[in-house]
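The values are calculated or read from the model by the stated rules, or taken from the named source; none is laboratory data. Note that the coordinates shown come from a computational prediction; the quantities given were computed from them, not determined experimentally. Cβ coordinates were reconstructed from backbone atoms using ideal geometry, including for glycine residues, and neighbour counts include every protein chain displayed. Surface areas here come from the heavy atoms of the whole protein model, side chains and all, with no ligands, DNA or RNA. Shrake-Rupley method; radii C 1.70, N 1.55, O 1.52, S 1.80 Å.
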Amino acid sequence: VVKFRRTGESSRSDEDGISGEHEVQIEGVRTELEPVELGDGAAVPKEFANPTDDTFMVEDAVEAIGFGKFQWKLSVITGLAWMADAMEMMILSILAPQLHCEWRLPSWQVALLTSVVFVGMMSSSTLWGNISDQYGRKTGLKISVLWTLYYGILSGFAPIYSWILVLRGLVGFGIGGVPQSVTLYAEFLPMKARAKCILLIEVFWALGTVFEVLLAVVVMPTLGWRWLLILSALPLLLFAGLCFWLPESARYDVLSGNQEKALATLKRIATENGAPMPLGKLVISRQEDRGKMRDLFTPHFRWTTLLLWFIWFSNAFSYYGLVLLTTELFQAGDVCSISSRRQEVKAKCSLTCEYLTEEDYTDLLWTTLSEFPGVLVTLWIIDRIGRKKTMALSFLVFSFCSLLLFLCVGRNVLTVLLFIARAFISGGFQAAYVYTPEVYPTATRALGLGTCSGMARVGALITPFIAQVMLESSVYLTLVVYSGCCLLAALASCFLPIETKGRGLQESSHKEWGQEMVGRGSHSPGESQE
């Protein structure tokens, strides 16, 4: 006989009689069982799968089902979208010197070619966030990926500069929706695995950047940049085919009142993972207006939103700035070579150009490989020191490495400094991708991530004019701009009011932050804010 007492209010309590005790006869099991009392906040054994509650939320189901085969499949599929995004970004630093020479473009037109991609991303990020909050994460992601695939392939056939400018802008418009894959992914992850998994998906970003450089080494000397643009769309093609396997977010379905679909999705995950579903009825959260910009500026989230916007701006500004600076510095040799060259040739013609050499590609590959240690370092520290401190540390190390570039170092030391700087700034970017979906409630999560992504694109839009145009005037001023921006971003990270380490995803904006996870973790409710 297993005896247990109901601990909460129940819709069935009237039917069960006056006594709150219930007995269940189990044949073939010894009857001398010792009663077990669970302390406050203690986890219910998995085999009982939530016997003391009549209702459960999506958060409960995701925690009970845990991490398994379903999440591994989702990691790979979402990772493909991420890999494609990285390749489309990395191609900018390879394409710029090539078109500069082939089409005899002045430096401002080369910078504009990079910026137009970010203009597209910036203008569409909020739109994709709205679509994902209004019509579902899967819908927004599918449309954005198919859009990017179509215009990515089409840009390989651009006959003149104005055509490639427009087509790359449209590619950027589509890429603006790719970060929504993180929203979909995060909403299927149990709390303990969330930070590690979102960081592991960033491995696909690193793979994408490395694959793009390797592809360029093989394709550029033989087939040329047009084939590079077409072949770079391969991961998107693969993702588009696998996209139909993706389920809609159960959190989104519950929030939009589609309880049956959410339950079917959760049962599918439980079956794939070989885990039990929680007993009882799935609670339907109250339906809210989804994807409203004003929700990001409620008194509770206003300060967080503004600080996050600046952090994302600085992340993209510095990360893409470093990617573009790398090719510029490698072509010159080092910082001092650029300075002396500027002094020697006062009236430098903006049409002079240098193709990327084999040595440039090799060093570019080395600095690109720094993305992997960046992931590992962030993975190691993010659950130890928290999201905020991880972002602050990443910005500080990048800023320090930028200042060290003032020294007249040789090519090898230059490569090492760029390696470390890129490892940490990519780590800071990854930490921001972990923190942002965690801090916003389900109703505004996609919009919150979308607007932050939009601000990142503003930073990326400005950075070519610093890394490629201002560099011609003063290399030291360029480095000071990047270093100063990251110092301010480190301060902004420290001033964020909420630390999300060890917290569940918030379902409703009408609840206090972190209320869903009260009693489930080892932290007290009072620790939800710093």
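Scanning segment 402-451 for residues that are in a helix (DSSP H, G or I) and either at positive phi or β-branched (Val, Ile, Thr) (or both) returns Val413, Thr415, Val416, Ile420, Ile425, Val434, Thr436, Val439, Thr442, Thr444, Thr451. When each of Trp303, Trp245 is tested for being open to solvent by 50 Å² or more (accessible area, probe 1.4 Å) and either modelled with pLDDT of 85 or more or among the basic types (Lys, Arg) (or both), the lone residue that passes is Trp303.
Please tell me if Phe188 is modelled with pLDDT of 80 or more, open to solvent by less than 50 Å² (accessible area, probe 1.4 Å), under 27 Å from Met57 (Cα atoms) and in the same structural domain as Lys73 (by the TED database).
yes
Okay, residues lined up against (1) open to solvent by 10 Å² or more (accessible area, probe 1.4 Å); (2) β-branched (Val, Ile, Thr); (3) more than 24 Å from Leu214 (Cα to Cα); (4) under 21 Å from the mean Cα position of the chain (by Cα):
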{"position": "Ala84", "(1), (2), (3), (4)": "no, no, no, yes"}
{"position": "Glu88", "(1), (2), (3), (4)": "no, no, no, yes"}
{"position": "Ser107", "(1), (2), (3), (4)": "yes, no, yes, no"}
{"position": "Val116", "(1), (2), (3), (4)": "yes, yes, yes, no"}
{"position": "Ser123", "(1), (2), (3), (4)": "yes, no, yes, yes"}
{"position": "Leu127", "(1), (2), (3), (4)": "yes, no, yes, yes"}
{"position": "Gln134", "(1), (2), (3), (4)": "yes, no, yes, yes"}
{"position": "Thr139", "(1), (2), (3), (4)": "yes, yes, yes, yes"}
{"position": "Ser144", "(1), (2), (3), (4)": "no, no, yes, yes"}
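For segment 231-332, which fully contained helices (runs of 4 or more DSSP H) count at least 1 residues that are assigned by the TED database to the domain that holds Ile94?
Numbers: elements: 234-242, 250-255, 259-273, 302-332.
Of the helices (runs of 4 or more DSSP H) lying wholly inside segment 231-332, those with at least 1 residues that are assigned by the TED database to the domain that holds Ile94 span 234-242, 250-255, 259-273.
Of the residues Ala158, Ala195, which is modelled with pLDDT of 85 or more and either assigned by the TED database to the domain that holds Trp72 or of a type in the set (Val, Ile, Thr) (or both)?
Details: Ala195 fails: modelled with pLDDT of 85 or more.
After ruling out the rest, the residue left standing is Ala158.
Quick one: is Arg384 part of a helix (DSSP H, G or I) and farther than 23 Å from Thr500 by Cβ? For Arg384, the condition - part of a helix (DSSP H, G or I) and farther than 23 Å from Thr500 by Cβ - is not met. Restricting attention to segment 216-225, the residues that are open to solvent by 20 Å² or more (accessible area, probe 1.4 Å) and either at positive phi or modelled with pLDDT of 90 or more (or both) total 0.
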